[in-house]
Amino acid sequence: MSRLYVRKESKFLKILLLCVMVFVAGINSRNILADDTSVIEKVVVEEVPATSVEGKEATSSVTVIERNEILASGKQDVLSLVSGRVPGVFVTERGVSNYGVGPGSAGNISIRGIGGSPNTDVLVLLDGQPTKMGLFGHPIPDAYPLDAVERVEVLRGPKSLRYGDNAMGGLINIVTISPPADGTRTDLKAGYGQYNTLRASVSHSGRVGPVGYVGSLIRRKSDGSRSDSDFDGWNGYAKMQIKMNDETNLSFSGWGTSFDVQDPGPLNDPEHADFRKAKRGGITAILNGGEALPWSIMAYGEWGDHDFSKSPEDWKSRDRTLGLIARKTWQITQKDFLEVGGEVQEFGGKGEKPEEGTFYGEHYETSWGLYIQDEHVVTEQLLVQAGGRVQRSEGSDTVFLPKLGFSYDFNDKNRFHGQIARGYRAPTIRDRILFPISNKSLSAEDLWSAELGCTHIFGEAFSLDLTGFYIDADNLIVFQAPPPQFANSGKARNRGIEISANWYSEGPLEMIGSYTYLDKDENISGSARHVLSCVSILRFNKWTAWLDLQYVNDLQLLSKKESYFVADARVAYRINNNIEAGVSINNITDEEYKEIEGYPMPGRWVFGEIRVGF
């Protein structure tokens, strides 16, 4: 046995033992008195937001992160919050305050080893709106700050039945905060840390009669942890909700981001003048109603402008995505509910290499899908969901995407669930027609997935969930040579186990633990064999402490594997009912590691923040 192997196993056992010790400490802490007002923003969620997708996935593996945990974590964006914290989910990072854009960037999302590069196999929704770059089909990681987010829902496994293209591996739904029932709410935040990292934001929400509104503006700036890795950007979000009557609501929302980022390049081939700019934004209008039998109509649009003309990449593009989604639920019998929905989407844009003088044309394509899903309550314990979707994307064959799942409650403390589903991802414009290496003959990526899980609640505070899954994916689109072009030559046979443990007591301590084991037949970049995470939140009087421990084993980079242990901590003190000050220490142990080959993660670094709410 090699020394390296012994060191990795020893580290794994240490972090496992530490997580167990902290859990035991939590079980014994129930009698400690805590002040539940230690977080400035008192969060009370009276009902699930209309843009939530959790309720429609009763037989799926779903993780929901609520606002209280978001506030305590001190995390700045959605992807850093869910990575490792949610079993089966891993997101690559490369620096202190941004993910970047284009080649060499981070933010690739892997769910059960499925993600793609660029990330086209995991769909990111913002209040139910699909977000993606129209030419390349991937989300923009720097577009998802947490300031105006009420909850984050992560659905693991293929979700193509309801969400069509790009949800082959799963999806992340970002639900923004709702306007208050009355009055107004304002939050101001300002923070500064190492590497000249600055972050400031203002959020305001309120209600005037039947009209509620939410708005936020965020400023971010950093010199980066490496030379030539500067970042300078803005994010904004606004929403207005109008209560038409007791059953009907109309909402309008818009979001935008603009940032300049410098890519330092890999260590063995650094860049000193690789400047990239991106501007993106979207708007959504939703008309919805029917609390018991919901219906909704959503119209949305997203636009983007990317300028890498001051980069060796020499690239400029403009893209857009326009779409319409409609859904309606009927009650067929007392125990049978039928949902019917459909979506049509147009996407595309134009791209060029200005210095080279090459114009790649302007391309737009259309896709559509219709689905039906039946939810039948067989007995008081057994619920069955079954359905199918017909999906058609330009340049690809029409496909049928079925799903069958069940949920069985033995009692109020034991639940089993299982699901078999087909996933799908059509070739993007980049894959098919944009570049000389594109291939018009590409077929859609195809995936079948099966999962079986159980949940057990111990006492009143501790729950344990165990899920096993198997994925069989074919026709994955990869680059191959010779000849140099995209081809359907990729495949994946992934098997694994996901464990999630949660401790929520009346005392001051909350704990969330997760473990993922992923067995892969192929070396899939951005996925790890073992990921163990332990998050602890301690609230005592005016203090809130957050500790995030994560061990990653055999993370696949381009040409090698990486294993590491990293610990982050945050401590906050409530000065009064309106002011809270906090400090975060990231990578406490000063671990040297990489999540993208050639891009080392920063060592230990500190960030302080003050928040004022009124």
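Things to note:
- Cα centre as origin, Lys/Arg/Asp/Glu Cβ charges: the chain dipole, Debye: 520
- Dividing the radius of gyration of the alpha carbons in the stretch 354-444 by their Kirkwood radius gives 1.26 for Rg/Rh.
- Considering only LEU476, ASN502, GLN419, the residue lying farthest towards the positive end of the dipole of the stretch 414-506 is LEU476, judged by Cα position with unit charges set on Cβ.
- Straight Cα distances below 27 angstrom link LYS277 to the lysines LYS75, LYS132, LYS189, LYS221, LYS239, LYS310, LYS316, LYS350, LYS353, LYS594, with same-chain residues fewer than 8 positions distant left out.
- Charged-residue dipole, Cβ positions (Lys, Arg, Asp, Glu), the stretch 57-205 about Cα centre, Debye nearest 20: 260
- Taking θ as phi - 60° and the Karplus parameters 6.51, -1.76 and 1.60, the scalar couplings of the stretch 371-386 work out to 9, 9, 9, 10, 10, 10, 8, 6, 9, 5, 9, 10, 10, 10, 10, 8 Hz in sequence order, x denoting glycine and proline.
- Karplus 3J(HN,Hα) series, Hz, for the stretch 578-595 with 6.51 cos²θ - 1.76 cosθ + 1.60 (x for Gly, Pro): 10, 10, 9, 10, x, 9, 10, 10, 9, 6, 3, 7, 6, 5, 9, 7, 9, 10
- Heavy-atom surface of the chain, accessible at 1.4 Å and reported per residue (Å²): 42
- Fully extended contour minus Cα-Cα distance, from LEU558 to GLN480, at 0.36 nm per residue: 26.6 nm
- Note on the stretch 321-478: Kirkwood radius taken over Cα pairs, Stokes-Einstein applied at 4 °C and 1.567 mPa s, translational D equal to 68 µm² s⁻¹.
- Charge context of LEU466, other residues only, Cβ under 13 angstrom, K/R +1, D/E -1: -2
- Surrounding net charge for THR120, when Lys and Arg each add one and Asp and Glu each subtract one, Cβ distance under 13 Å: 0
- Magnitude of the charge dipole, the stretch 368-512, Cβ model with Lys/Arg +1 and Asp/Glu -1, debye to 20: 860
- When a 1.4 Å probe is rolled over the protein heavy atoms, the share of accessible surface on the chain that falls to carbon and sulfur comes to 58 percent.
- Over the chain, Cα pairs under 8 Å with separation of 6+ residues give a relative contact order of 14 percent.
- For the stretch 228-253 versus the stretch 120-154, the gap between their alpha-carbon centres in whole angstrom: 13
- With contacts taken as Cα pairs under 8 Å at a separation of at least 6 residues, the stretch 99-190 carries a relative contact order of 29 percent.
- Taking Lys and Arg as +1 and Asp and Glu as -1, the other residues whose beta-carbon sits under 9 Å from that of THR544 total +3.
- Accessible surface of THR544 - all protein chains present, 1.4 Å probe, nearest 10 Å²: 10
- Sparsely packed trypsin sites (Lys or Arg not before Pro) within the stretch 261-347, loop by DSSP, other Cβ within 10 Å at most 16: LYS335
- Cα gyration tensor shape for the stretch 142-227, rounded if a/c is under 1.5, else prolate or oblate: oblate
- All-pairs alpha carbon distance profile, the stretch 399-529, 5 Å steps from 0, percent: 2, 9, 14, 14, 14, 13, 10, 8, 6, 5, 3, 1, 0
- Karplus (6.51, -1.76, 1.60) ³J(HN,Hα), θ = phi - 60°, over the stretch 75-87, in Hz, Gly and Pro reported as x: 5, 9, 9, 5, 5, 5, 5, 8, 5, x, 4, 9, x
- Length gained when the stretch ASP314-GLU356 is fully extended (0.36 nm per residue, less Cα-Cα span): 14.4 nm
- When the Cα positions of SER367, ILE242, VAL86 are compared along the charge dipole of the chain, VAL86 comes out farthest toward the positive end, with charges on each C-beta of Lys, Arg, Asp and Glu.
- Taking semi-axes √(5λ) of the Cα gyration tensor in Å as calculated from this structure, the corresponding entry among (i) 33, 31, 27; (ii) 46, 28, 20; (iii) 45, 31, 24 is (i).
- Candidate cross-link partners of LYS403 among the lysines, defined by an alpha-carbon separation under 22 Å and a same-chain spacing of 8 or more, comprise LYS56, LYS159, LYS328, LYS335, LYS491.
- Selection from GLY490, VAL612, GLY582 lying farthest towards where the dipole of the chain points positive, charges on Cβ: GLY582
- Relative contact order %, the stretch 186-251, counting alpha carbon pairs below 8 Å whose residues are six or more apart: 25
The values are calculated or read from the model by the stated rules, or taken from the named source; none is laboratory data. Given the structure is predicted, the values throughout are model-derived calculations rather than measurements. With ideal geometry, Cβ positions are generated from the backbone for all residues, glycine too; neighbour counts draw on all protein chains shown. With ligands, DNA and RNA removed, areas are computed over all heavy atoms of the protein, side chains included. Shrake-Rupley method; radii C 1.70, N 1.55, O 1.52, S 1.80 Å.
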